[in-house]
Every structure is written in structure tokens, then in C-alpha cells.
1. Would you mind working out the magnitude of the charge dipole of chain B relative to its Cα centre, with +1 at each Lys and Arg C-beta and -1 at each Asp and Glu C-beta, to the nearest 20 Debye?
2. Which whole-number percentage describes the relative contact order of segment B:17-63, with Cα contacts under 8 Å and a sequence gap of 6 or more?
3. Please list log₁₀ I(q)/I(0) at q = 0.16, 0.28, 0.30 Å⁻¹ for segment B:17-67, using the Debye equation with identical point scatterers on the alpha-carbon positions.
4. Would you give the gap between the C-alpha center of segment A:16-41 and the C-alpha center of segment A:53-132, rounded to a whole Å?
5. Quick query: amide H of B:Gly49 versus all other amide H atoms, modeled in the peptide plane; which residues come in under 5 Å with a sequence gap of 5 or more or a different chain?
6. Give me the Å³ per residue figure for the convex hull around the C-alpha atoms of segment A:1-57.
7. Starting from the coordinates of the alpha-carbon atoms of the protein assembly as shown, obtain the Kirkwood hydrodynamic radius over all distinct pairs and give the value in Å to one decimal.
8. In peptide B:55-68, how many Cβ atoms from other protein chains are near each Cβ within 10 Å, on average?
Amino acid sequence: MDLRFDPIHGKTAEIIDAMMASPDMPEDDSLRFKLNLCIEEAVGNVVNYAYEGGMGYIDVHTDLEDGVLTIRLTDSGKPFNPLEKDDPDITLSAEDREIGGLGIFLCKQMMDSLDYRYEQGRNIFTMKLKVN
Amino acid sequence: MTTTITNDGNAYSAILKGRIDTTTADQFQKDVAPLLAAKGAQVEIDCSGLEYTSSQGLRIFLMLQKTISAGGGSLVLKGMRSAVREVFDITGFSSIIKII
């Protein structure tokens, strides 16, 4: 499935819903939960930070091949690598835990692979998950 | 997403129903404000109706734990569904928030 949203301002939920409705998505609830969470994180980052005022596009791509689901998000906004943040220290007490950094950490644990590249003025973020 | 809060003195009981995500997280944060305001509150949150939480939801739970315990109170989450529990486990939240 391939879709483009342009502009993206205020469309986080709409984009997530469209991706979760892709025919490539698995039916298993546990897998859908994990995918929903990672898609929400990745799409939210683009909608909130890629463009000034959300005035730009996002291309979303899903495909399913040999039991592996691939999701790719592409935008032409500010270069932003969500993977370069340090992981939160998950051994800290509640008082010491930082509020942020959890979303992408969850994606790293829940997806089989995450890939980021910046090519020809585009951020390209790819997630893969074995779904059967 | 609905949050229903009742209290008997300092014993607070909250029931969650629905999803905490981009569209509902701000409202959820407002809805739990009474739990943050009460000093020394013994708070129990029934999570059996919580279908999904994004990382925004986790942040709000962490804030609840930090604020309630700093105020001398206690927080317990009960009846969590397994998919939601897994998210708490992966992030280490199960070690810092009481879940039964």
C-alpha cells in the first residue's frame, strides 16, 4: 500500500488509521498493538517536527513479503534521525526516570529492525516485523 | 477514553476505559488531575478496560507515580491487559510502578 498525505498538519491520527487499515497488516491483536505503537511514534515525529507548521508531505508505504511486513515513511522535512537518541536508563527509580525517550525505545524493542537514512533531501524511516 | 474517579477520603479509585493515544492523551492528563492534586492519596487504577497506550500514556503514568509518591501517597495499577503490561515490562515501568 502506498499513500501520500499533504499537508500533514493535524493528521497524525488519520495517517495512523490509514496505515493500520492496510491490507498488509496482520490480524493478530498483539502484533497490531506493537505496530500501532511504533507507527504512532514515527508518524507523530514527522507530523510534529519535520516541517514548519506541518506544511509538507509524508509518503507511507507498506508491503508484505515472505511473512515480513515492511513499513516505510518518507518526508522531505528537516533531517531528523529518531534512532540517534540515547536509550532511557530503564533501571532508574521512579524519581530519577526521565519523562521522555520512551517511544523510540519501545519501537526498537518491538520491531525486528529499524533503519533510518537521509537521501536526496528526504528522511526515510523503515521498520520491519515478521508477522507469520 | 474515559476516566472515572471516585474517592472515599484519601482512598481514590479510578477506572479507565478505552485507548490513550495521540487523540486522547491530553484529555487523559486533564482527567487524572484530581489524583495529582490530592496529598497522601492511596490511588488504585483499574486498567482492565485500557485497550492501548502509546508512549504519551506511559509518560502520564510515570508522572502519576512520581507525583503521588512525592506527596506521600501510593499508586497501584490493577487488571492490566497483557499487551499493555508488556509495554510496562519493556520500559522497566513494572519495576517502578506497583502493578497487580
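Every read-out reported here was derived from the displayed coordinates using simple, explicitly stated rules and does not represent laboratory data. Keep in mind that what you see is a predicted model, and the values were worked out from it rather than measured. In this analysis, Cβ positions are derived from the backbone assuming ideal geometry, glycine residues included, and neighbour counts consider all displayed protein chains.
1. 140
2. Reported as a whole number, the value is 65 percent.
3. For the requested q values the scattering log ratios are -0.44, -1.24, -1.34.
4. 14
5. It is B:Leu16, by chain and number.
6. Output value, Cα hull per residue: 62 Å³.
7. 18.6
8. That works out to 4 on average.
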